[in-house]
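The values are calculated or read from the model by the stated rules, or taken from the named source; none is laboratory data. If you're wondering where the values come from, they're calculated on a predicted model, not measured in any experiment. Cβ placement follows ideal geometry from the backbone for every residue including glycine, while neighbour counts extend to all protein chains displayed. Please note that ligands, DNA and RNA were not included when accessible areas were found on the heavy atoms of the full protein model with its side chains. Shrake-Rupley method; radii C 1.70, N 1.55, O 1.52, S 1.80 Å.
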Amino acid sequence: EVVTFIVEDELTPADTAAVFDRAGLTPLVHTQPLGQPWPTLGQLIDSGRRVVVMMERHGGGSAYPWLLPAFRYVQDTPFTNPTVADLRCDRERGTGDSPLLLVNYWLANFGSLVSDARTINALGVLGPYLARCEKERGMLPNFVAVNFFDEGDLFRAVDQLNGFR
């Protein structure tokens, strides 16, 4: 399996790197050169470097080149959506040439997060939205961020997006 962390970097890159060292994960991290094509999931697995670590606002620089500045590599969609009608596929962060697409998909109603997740994570709602973002952005979503992944049909929708029926 491949795991990607996008760290809200309230800590320094050195502190973040120390946590990965203590957890024994540093030998597994992938360093992605900016501007180079990303390896496939299979290539990451075969290399043994199947952990990707990004920091929201910083990167690790030359000291920790595997701590990638997330929004140089990732473009995402808006993340404050009060209703289903507010869900848009516009670019929120990142640049137009950031090679990976993160679709933020949740409603920002703190009083109804679980019931909202049950509603919008349904295959008939999530699937068409992901297909719409793929068409509008011209990119296959690489990441789908949801509230409560275990509510609804996230995995079925992602399988459908990837051509598995």
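Couple of notes before you dig in:
- Cβ-Cβ distance of Glu1 and Lys135, R₀ of 35 Å, FRET efficiency by 1/(1 + (r/R0)^6): the value works out to about 0.75.
- Using a probe radius of 1.4 angstrom, the carbon and sulfur fraction of the accessible surface of the chain is 55%.
- The mean accessible area for residues of the chain, using a 1.4 Å probe and ignoring ligands and nucleic acids, is 56 Å² per residue.
- Candidate values (1) 1.15; (2) 0.98; (3) 1.06 were compared with Rg/Rh (Cα atoms, Kirkwood Rh) computed on the shown model; the agreeing label is (2).
- Other residues with beta-carbon under 13 Å from the beta-carbon of His58 carry, at +1 per Lys or Arg and -1 per Asp or Glu, a net charge of -3.
- Using alpha-carbon coordinates, inclination of helix 123-137 to the longest axis of the chain, degrees: 60 degrees
- Percentage relative contact order, the chain, counting C-alpha pairs under 8 Å, at least six apart: 17 percent
- If the chain linking Gln43 and Arg93 were pulled fully straight, counting 0.36 nm for each residue of separation and taking away their Cα-Cα distance, it would gain 15.3 nm.
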